[in-house]
Each structure stands twice: as C-alpha cells, then as structure tokens.
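The values are calculated or read from the model by the stated rules, or taken from the named source; none is laboratory data. Owing to the predicted nature of the structure, the values given are computational and were not obtained by experimental measurement. Cβ atoms come from the backbone with ideal geometry, glycine included; neighbour counts cover every protein chain shown.
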Amino acid sequence: MKIRYIKHVPYEGPGAIADWAAAREFEFSGVEIFRGEPLPEHGDTDALVVLGGPMGVGDEAEHPWLIEEKRYIGEWIDNGKPLLGVCLGAQLIASAMGAGVRRNASPEIGWYPVRRLPQLSVTYLDRLLPPSLEVFHWHHDTFEVPHGTIPIAYSELCANQGFVYRDRVIALQFHLEMDESTARDLIANTKQSLNPRPGVQGAGEMLADPQRFSRMHDYLEPLLDAWVDS
C-alpha cells in the first residue's frame with residue numbers, strides 16, 4: 001500500500017503514523033507543500049494523510065498553496081479513497097466540504113479529554129474509541145461539522161473534535177499521532193502560543209509523562225488499520 005502525507009511546516013510531521021506504516025511495511029512518504037513540492041498523483045496513491053500546521057484555512061494571501069490544496073482535498077474526497085486529516089488537515093477537509101472554519105472561543109493546547117458522541121455508534125469508530133480519551137491538542141481554530149458527515153467527539157473547550165464521512169474520510173481536530181519528539185519540536189517552534197492563559201498548558205506539563213503518548217497510540221493504531229481497510 002502507498003500512503004502519502006501532506007506536510008505544512010518543517011517541524012510538524014506524521015509522528016506515530018510513520019511508525020505504524022513502517023511496522024506494516026507500507027510505502028509511506030510525504031510532500032512538503034510549503035516548499036512548493038507537487039501534490040501526489042491520485043492514481044499513484046492509495047491513502048492520504050493531511051497533517052497539521054499553524055496557518056488557518058483562509059490564510060491564502062500568505063500561503064497561496066492553500067488554494068490548490070483545498071481543491072485537491074475535494075478531489076480526493078470525491079475519488080473515494082481513504083483520507084485522514086489531523087488538526088489543520090481536519091479543518092481543510094471541513095472547508096473543502098463546504099463547512100465553516102473559525103476561531104474557537106479558547107485555544108486548546110496540551111492534554112485534555114475528548115468524549116465520544118452517540119452518533120458514532122453507526123460507524124466502526126465506535127468500537128475503536130472509548131467513551132472518554134485523553135489526547136494531545138494544539139489548535140486555535142475550529143470547524144463546523146459538514147453536512148452528511150457523522151461527528152466523532154467533543155471536549156470541554158471545543159464542541160467539534162472530528163467527523164467521519166462514508167467510513168473512508170476521518171477528520172480529527174486532536175493529535176492522536178503526536179509523539180514526544182514531535183511535541184518537543186512543536187513546543188520549540190511555536191513558543192508564542194504558550195503564553196499562560198485558560199486552555200493552554202505549559203511545556204513542562206505537556207511533557208511530564210511520556211507514557212501519555214504511548215497510551216494514546218494504543219487507540220491510533222487500530223483506528224489506522226480499520227481506516228485503510230475501509
């Protein structure tokens with residue numbers, strides 16, 4: 001299986017998704033769209049991951065490649081192959097499906113629980129996600145749930161934490177893929193986001209218990225297995 005990912009900044013990579021792909025001997029490689037690299041050919045890719053980044057979906061003047069990326073994501077949804085969006089990636093999927101993306105009432109940075117929604121019971125994700133799960137967050141924006149999709153979860157600070165469409169398209173506002181190394185890179189490169197305020201944990205608190213990452217990955221891997229088989 002050939003899986004490609006789209007990367008938006010140098011310091012926010014696929015994290016534990018790369019480990020999962022390597023363990024299954026999938027061909028896994030990325031496109032650094034911010035450097036002008038071309039998007040993957042649809043016919044040469046079996047599944048696509050759209051990663052996070054600090055920009056917003058409407059920041060096209062500063063990042064003109066967002067225009068092409070949103071068009072490409074819309075094409076990918078139409079072609080019916082597995083698509084996973086994380087954080088900014090989830091917001092881009094929502095935007096490509098016609099849903100609004102806006103500033104959340106509060107930032108959500110650090111470890112906070114998400115709670116599974118009852119609507120998820122009609123999808124395979126219901127058996128893969130517990131009623132409540134502590135996950136890693138790093139976002140200021142939020143999205144509306146697109147028409148025809150099924151919402152996944154909510155948190156105290158953000159009502160829409162994800163959605164699924166026809167089993168093959170999964171959008172997650174939170175970072176199940178985050179590992180300690182990627183978290184350290186994110187902290188080092190976006191320190192301006194860590195000004196103390198509600199919804200923002202300090203770097204020490206985020207990194208205090210490395211086992212948090214492995215506990216989260218226990219849910220990531222079965223989700224990814226089911227996703228590529230959808």
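For region 121-141, how many residues meet the condition of being surrounded by fewer than 17 Cβ atoms within 10 Å (Cβ to Cβ) and among the aromatic types (Phe, Trp, Tyr)?
Of the residues in that region, 1 qualify.
If you take the residues of region 148-174 that are aromatic (Phe, Trp, Tyr) and surrounded by fewer than 20 Cβ atoms within 10 Å (Cβ to Cβ), which of them is farthest from GLN201 (Cα to Cα)? Please lay out each step first, then the result.
Restricting attention to region 148-174, the residues satisfying the condition of being aromatic (Phe, Trp, Tyr) are 154, 163, 165, 174.
Those left that are additionally surrounded by fewer than 20 Cβ atoms within 10 Å (Cβ to Cβ): 154, 165.
Details: TYR154: 19, TYR165: 32 Å.
Looking at the filtered set, the residue picked out is TYR165.
Out of region 52-91, which residues are touching a residue at least 40 places away in the same chain (Cβ under 8 Å), over 16 Å from PHE163 (Cα atoms) and hydrophobic (A, V, I, L, M, F, W, C)?
Of everything in region 52-91, those that are touching a residue at least 40 places away in the same chain (Cβ under 8 Å), over 16 Å from PHE163 (Cα atoms) and hydrophobic (A, V, I, L, M, F, W, C) turn out to be MET55, VAL57.
What strands (runs of 3 or more DSSP E), lying completely within region 129-213, carry at least 2 residues that are within 27 Å of LEU83 (Cβ to Cβ), polar (S, T, N, Q) and modelled with pLDDT of 95 or more?
Details: elements: 132-143, 162-165, 169-172.
Passing ranges, in order: 132-143.
Mind checking whether some residue in region 154-175 is over 15 Å from GLY89 (Cβ atoms), of a type in the set (A, V, I, L, M) and free of Cβ contacts under 8 Å to residues at least 60 places away in the same chain?
Yes, region 154-175 contains at least one residue that is over 15 Å from GLY89 (Cβ atoms), of a type in the set (A, V, I, L, M) and free of Cβ contacts under 8 Å to residues at least 60 places away in the same chain.
Within region 127-147, which residues are more than 19 Å from MET206 (Cα to Cα) and either among the hydrophobic types (A, V, I, L, M, F, W, C) or touching a residue at least 24 places away in the same chain (Cβ under 8 Å) (or both)?
Hits for region 127-147 are LEU128, LEU129, PRO130, ASP141, THR142, PHE143, GLU144, VAL145, PRO146, HIS147.
Restricting attention to region 8-37, report how many residues are of a type in the set (Gly, Ala, Ser), crowded, with 17+ Cβ neighbours inside 10 Å and part of a helix (DSSP H, G or I).
So in region 8-37, the residues of a type in the set (Gly, Ala, Ser) come out as 13, 15-16, 18, 21-23, 29-30, 36.
When the remaining residues are screened for being crowded, with 17+ Cβ neighbours inside 10 Å, the result is 13, 15-16, 18, 21, 30.
Now restrict to residues that are part of a helix (DSSP H, G or I): 16, 18, 21.
Count: 3.
If you check every pair at least six apart or on different chains, which have Cβ atoms under 7 Å apart with a residue in region 26-42 that is farther than 17 Å from GLY52 by Cα first and a residue that is polar (S, T, N, Q) second?
HIS42/ASN79
Identify, by number, the condition in (1) touching a Leu at 6+ places or on another chain (Cβ under 8 Å); (2) without any contact (Cβ under 8 Å) to a residue 24 or more places away in the chain that LYS191 doesn't meet.
(1)
When region 97-109 is examined, which residues are found to be closer than 19 Å to PRO64 by Cα and either surrounded by 24 or more Cβ atoms within 10 Å (Cβ to Cβ) or in contact with a Cys (Cβ under 8 Å, 6 or more places away or on another chain) (or both)?
Selection gives nothing.
Among the numbered criteria (1) among the small types (Gly, Ala, Ser); (2) in contact with a Cys (Cβ under 8 Å, 6 or more places away or on another chain); (3) surrounded by fewer than 17 Cβ atoms within 10 Å (Cβ to Cβ), which one does GLY80 miss?
Of (1) among the small types (Gly, Ala, Ser); (2) in contact with a Cys (Cβ under 8 Å, 6 or more places away or on another chain); (3) surrounded by fewer than 17 Cβ atoms within 10 Å (Cβ to Cβ), only one is false for GLY80: (2).
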